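All remarks here apply to the structure that follows.
Bear in mind these aren't lab numbers, they're just calculated from the coordinates by the rules spelled out. Predicted model only: the values in this text are computed from it and were never measured. As a convention, Cβ positions derive from the backbone with ideal geometry for all residues, glycine included, and neighbour counts pool all protein chains shown.
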Ligand SMILES: Cc1cc2nc3c(=O)[nH]c(=O)nc-3n(C[C@H](O)[C@H](O)[C@H](O)COP(=O)(O)OP(=O)(O)OC[C@H]3O[C@@H](n4cnc5c(N)ncnc54)[C@H](O)[C@@H]3O)c2cc1C
């Protein structure tokens, strides 16, 4: 026999105490003061992923204000997000946290953090707000299953509970309204293990194919390891798919070499655009790096000729090292030596002796250095692309179009953003809307 929690009150349950669930619980209680609002979280504490986000500093939202511009940062979900984002835009999110006693700061790249650089403060503010409103919080409580309360006496009555939550402990909780905020399945150690996909399916939904997004790339070439840690502030990166279509995705911005390949904001953005592209050792994708995106090849050549003339007695390696990091200059010249089958290694040549062919080969390397991609940083992705299809959810309310009384918010939905606070922003906005509309 199952234990069943007795109740009489209208009950709204929120499953998952992450960013979306915390905000949903707040707005649900604010708008339904007489209802029992119950937040269920399987971890021993709330907001595990929020706490570790942004390297523990929590990039809580973006400093970009115009909603139309904010929405450009979602490879999937930007149209769907319009209502939620207009209702709770980044400026309102910032005001909300500051009003709750968490001062924020906006960094030069528009990322917004708590002044304390501590994600605990963000979760702490939400927790205090929920306690003040008397939201019932149950941590260390895992939901095992959710079903419709069909064929029960209760379900046939008006205002009777519509859903039955079964906990791992075997306890059963009937509820009137349900908000699913169980997140994706990235960084599973934080508790986001994709349980919500099965809950959504059990309640009639399909799941759009899942894929890792915001990940690093592993290169077939081993030499990036020698450049590990070297970063570039403004490069243009082009991803060319491994399929016959040669689909291309482009992104400009910062990136860095790692001991396995490439990472950094522009790489994360490319990985999001190419989230559904398959590539492997047998069938690699390619990436072309333009280290001088603001200069065409002709202008770059003019600049380089000028540098060579002014330093004619110096070695090519020394002068190339004036415009790119020395280790990259070494790599480019050793590749050049091999490709052009030079008798004298390129790094030993004096600037005055550089042939047109040699110079133009170097320029091609600087404008489109090619690497082969054989994988993504496994288990290191920040978010999950795919999830509950947006066509099955009303963007004005976050309510299911399939199962009335069921709402969704956060990463469980088929929404994902670039780095820069956009994923948390989507969770705050969809969580707030689901909470507000759920009554
Ligand atoms: C390392 C890392 C750094 C990041 N940094 C940033 C950043 O700086 N800025 C940014 O905008 N985004 C960042 N993100 C992404 C962002 O954190 C997520 O997109 C966001 O937290 C998703 O919120 P959510 O509420 O949908 O899901 P989550 O925050 O994942 O919360 C889901 C919650 O549901 C609970 N749960 C799951 N199943 C059950 C169950 N069966 N029963 C009960 N509870 C359950 C989980 O324990 C979890 O606490 C980062 C992600 C990672 C992994």
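Translational diffusion coefficient of region 311-364 at 20 °C, 1.002 mPa s, Stokes-Einstein with Kirkwood Rh over Cα pairs, in µm²/s as a whole number. Let's see the in-between values first.
On the way: Rh = 10.8 Å.
Roughly 198 µm²/s, to the nearest whole number.
Estimate the FRET efficiency between residue 394 and residue 45 by the formula 1/(1 + (r/R0)^6), using the beta-carbon distance for r and 35 Å for R0, to the nearest 0.05.
According to the calculation, E is roughly 0.60.
On the Cα set of region 1-111, report Rg and Dmax in Å, please.
16.9, 59
At 10 °C and 1.306 mPa s, what whole-number value in µm²/s does Stokes-Einstein give for the translational diffusion of region 295-429, with Rh from the Kirkwood sum over Cα pairs? Show your work: numbers first, answer last.
Details: Rh = 19.3 Å.
My calculation gives 82 µm²/s for D.
Ignoring solvent entirely, what values of log10 I(q)/I(0) come out of the Debye formula for region 396-439 at 0.25, 0.34 Å⁻¹ when each Cα is a single scatterer?
-0.83, -1.20
Considering only DSSP beta bridges whose two residues both sit in the chain, what percent are antiparallel, to the nearest 5?
Expressed as a percentage, antiparallel bridges in the chain total about 75.
I'd like the distance between the alpha-carbon centres of region 174-205 and region 237-283, rounded to an integer number of Å.
29 Å
Compute the separation of the alpha-carbon centres of region 360-414 and region 74-133 and state it in Å as a whole number.
So the two Cα centres are separated by 21 Å.
Name the most mobile residue of 394, 414, 294, meaning the one with the largest mean-square fluctuation, in a Gaussian network model of the chain with Cα contacts below 10 Å.
Maximum fluctuation in the GNM of the chain, among the listed residues, is at 294.
Dividing the alpha-carbon radius of gyration of region 215-380 by 2.2 N^0.38 Å (N being the number of residues), what value is obtained?
1.07
Using helices alone, I'd like the mean residue ellipticity at 222 nm for the chain: each DSSP H run of four-plus residues gives -39500 (n - 2.57), total over residue count, nearest 500.
Roughly -9500 deg cm²/dmol at 222 nm, from the helical runs in the chain.
Would you calculate the separation in nanometres between label points at residue 302 and residue 168, each defined as 7 Å from the Cα along the Cα-to-beta-carbon direction?
Reported label-point gap for residue 302 and residue 168 is 6.6 nm.
Quick one: work out Rg over Rh on the C-alpha atoms of region 83-125, Rh as Kirkwood radius.
A ratio of 0.99.
Can you compute log10 of I(q)/I(0) for region 19-70 with the Debye formula, treating each Cα as one identical point scatterer, at q = 0.17, 0.19, 0.26 Å⁻¹?
Normalising to I(0) and taking log10 leaves -0.74, -0.84, -0.99.
Please identify which residues in region 353-385 have an amide N closer than 19 Å to a label point set 7 Å out from the Cα of residue 340, following the Cα→Cβ vector.
Answer for this model: 353-370.
Once Rh for the chain is found with the Kirkwood sum over Cα pairs, what is the Stokes-Einstein diffusion coefficient at 10 °C and 1.306 mPa s, in µm²/s?
Using the Kirkwood radius from Cα pairs, D works out to 66 µm²/s.
Multiply the residue separation of residue 350 and residue 72 by 0.36 nm, subtract the distance between their alpha-carbon atoms, and state the gained length in nm to one decimal.
Full extension of this stretch gives 95.3 nm more.
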